[in-house]
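**Q** Let me give you the structure first, and then I'll get to my questions.
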């Protein structure tokens, strides 16, 4: 992958625009909640409110004994009002009538699922949520070389998702996500029904909790937080589709928690299946997705994030393990296929500014043996090295209007990736897999849980067969 001077100037110019908009903003910074400030459990909220109520009543009793004056009377009125509000809130919580609002993406990141998907942690008993996306794609009539494009314009109900969760008590939580893709499941349609995750948590404390079941692999910026209101662009970044194969989930068990500015997640999961690796999609079809998964080899995946300052998150993730699953080549060689995926990522939200950057790298051992297993020749080889990166910047122009509930974020994203950055000796790279993309668009939220997106994507590759496209999307969470 090569980053030309003209591309660099274009990307930096757009990023300079959003930076300058932020510098001239007059509104105070909206400080996101850090992982260490994750939403309290119901019991913790009750304890905190009851303590505050007792303190307020003590202050009220002491004030009643003081000499009367105008300031005393005003304070008495304020304390009585505060006691009334606290009493009503405690009553609502105790009888289960408190409204559960989805946490922000930063809060939800503590649990490793999106804002709507993490509602179950804030309310005892049954929780129901979900999200959906409608996507329209309009492709250019010619590719970058000027040859006719074969891509057809399309509109689809890309995803309709339901979350069902149950908080049994203060320790045990069940959380599930059921996803329907492309509206219809039929032999002549591309629809699917899938369980995206289904796991049981044992909630011990903020620093240490346990999880088992079908879990999201804790890598990148989108795989866990993939609800449409949590990322910019009508489509997810391609680097987080072909290098980090979002949405990626496997069966396993592990631990997660937070301490101060640090959060972590670590799981043992079934390994990938190297028989599904390919030249153009990398390891994507090696995911086993909890469906009769081969488990002769296992893998470790982990993530550490650090909130360096309010709104600034930096971190790294890893997935590593053999993917051979007992396969042998036609000549009888046992395939181990050690596969390691790593990423480094950063996310910064300050006032109306939102910046992101991510680098991901995959190494695949025994790539020649995988090619022999699958009958790949020439430029069909699995990449022994696969890598990609992107940078993204946006600015909420409506953050300049005090008290606005809406947001309008113009943004730009540039990404490069290559699923055949290196191939085994005797094979060739396919230049179509060396891709760079520029995405420029808008995301409008009339309220936090609804988003309308429009963007244009310039897609180039080394074979000059890339096709540009326009995208429109509607997204919702509840």
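The values are calculated or read from the model by the stated rules, or taken from the named source; none is laboratory data. Note that this is a predicted model, so its numbers are computed, not measured. Counting neighbours? That spans all protein chains shown, and the Cβs are built from the backbone with ideal geometry, glycine included.
**Q** Out of 313, 353, 358, which single residue is within 25 Å of residue 461 (Cβ to Cβ), touching a residue at least 60 places away in the same chain (Cβ under 8 Å) and assigned by TED's automatic domain parsing to the domain that holds residue 109?
**A** Numbers: 313 fails: within 25 Å of residue 461 (Cβ to Cβ); 353 fails: within 25 Å of residue 461 (Cβ to Cβ).
Within the list 313, 353, 358, the selection yields 358.
**Q** Can you tell me which residue within the stretch 298-323, out of those that are out of contact with any helix residue (DSSP H, G or I) (no Cβ under 9 Å at 6 or more places or on another chain) and farther than 20 Å from residue 359 by Cβ, is surrounded by the most Cβ atoms within 10 Å (Cβ to Cβ)?
**A** Checked the stretch 298-323; the qualifying residue surrounded by the most Cβ atoms within 10 Å (Cβ to Cβ) is 299.
**Q** Are any residues in the stretch 448-473 farther than 27 Å from residue 182 by Cβ and out of contact with any strand residue (DSSP E or B) (no Cβ under 9 Å at 6 or more places or on another chain), and if so, which ones? Break it down stepwise before answering.
**A** Initially, the stretch 448-473 is screened for residues farther than 27 Å from residue 182 by Cβ, giving 460, 462-464.
Within the stretch 448-473, just 464 meets the criteria.
**Q** Are any residues in the stretch 161-185 assigned to a loop (DSSP other than H, G, I, E, B) and either touching a strand residue (DSSP E or B) at 6+ places or on another chain (Cβ under 8 Å) or outside the structural domain of residue 130 (by TED's automatic domain parsing) (or both), and if so, which ones?
**A** Start the filter on the stretch 161-185 by keeping residues that are assigned to a loop (DSSP other than H, G, I, E, B), which leaves 168-171, 182-185.
Passing the criteria: 168, 170, 171, 182, 183, 185.
**Q** Follow-up. Taking the stated definitions as given, is residue 445 in the same structural domain as residue 229 (by TED's automatic domain parsing) and crowded, with 23+ Cβ neighbours inside 10 Å? Working first, answer last.
**A** On the way: in the same structural domain as residue 229 (by TED's automatic domain parsing): yes; crowded, with 23+ Cβ neighbours inside 10 Å: no.
Judged against the criteria, residue 445 is not a match.
**Q** Scan 50, 59, 91, 78 and give me the residue that is surrounded by 11 or more Cβ atoms within 10 Å (Cβ to Cβ), assigned to a helix (DSSP H, G or I) and either at positive phi or at pLDDT below 80 (or both).
**A** Numbers: 50 fails: either at positive phi or at pLDDT below 80 (or both); 59 fails: either at positive phi or at pLDDT below 80 (or both); 78 fails: either at positive phi or at pLDDT below 80 (or both).
Checking each option against the conditions leaves just 91.
**Q** Name the one entry in 286, 290 that is closer than 15 Å to residue 366 by Cα and assigned by TED's automatic domain parsing to the domain that holds residue 354.
**A** Numbers: 290 fails: closer than 15 Å to residue 366 by Cα.
After ruling out the rest, the residue left standing is 286.
Quick grid of which residues meet (1) farther than 30 Å from residue 375 by Cα; (2) assigned by TED's automatic domain parsing to the domain that holds residue 421; (3) buried (at least 17 other Cβ atoms within 10 Å of the Cβ):
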| position | (1), (2), (3) |
| --- | --- |
| 262 | yes, yes, no |
| 279 | no, yes, yes |
| 295 | no, yes, no |
| 325 | no, yes, yes |
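**Q** Does residue 473 qualify as being assigned by TED's automatic domain parsing to the domain that holds residue 279, in a loop (DSSP other than H, G, I, E, B) and in contact with a helix residue (DSSP H, G or I) (Cβ under 8 Å, 6 or more places away or on another chain)?
**A** Values: assigned by TED's automatic domain parsing to the domain that holds residue 279: yes; in a loop (DSSP other than H, G, I, E, B): no; in contact with a helix residue (DSSP H, G or I) (Cβ under 8 Å, 6 or more places away or on another chain): yes.
No; evaluated as a whole, the condition is false for this residue.
**Q** Still on this structure, please answer the following. Can you find even one residue in the stretch 25-36 that is out of contact with any strand residue (DSSP E or B) (no Cβ under 6 Å at 6 or more places or on another chain), over 27 Å from residue 111 (Cα atoms), modelled with pLDDT of 50 or more and assigned by TED's automatic domain parsing to the domain that holds residue 360?
**A** no
**Q** Another question, if that's okay. From 83, 128, grab the single residue that is at negative phi, in contact with a helix residue (DSSP H, G or I) (Cβ under 6 Å, 6 or more places away or on another chain) and at pLDDT 85 or above. Write out each step before concluding.
**A** Working: 128 fails: in contact with a helix residue (DSSP H, G or I) (Cβ under 6 Å, 6 or more places away or on another chain).
On inspection, the qualifying residue turns out to be 83.
**Q** Oh, and also: Does residue 410 satisfy the condition of being over 30 Å from residue 325 (Cβ atoms), in contact (Cβ under 8 Å) with a residue 12 or more places away in the chain and surrounded by 17 or more Cβ atoms within 10 Å (Cβ to Cβ)?
**A** Working: over 30 Å from residue 325 (Cβ atoms): yes; in contact (Cβ under 8 Å) with a residue 12 or more places away in the chain: yes; surrounded by 17 or more Cβ atoms within 10 Å (Cβ to Cβ): yes.
Here the answer is yes, as residue 410 does meet what is asked.
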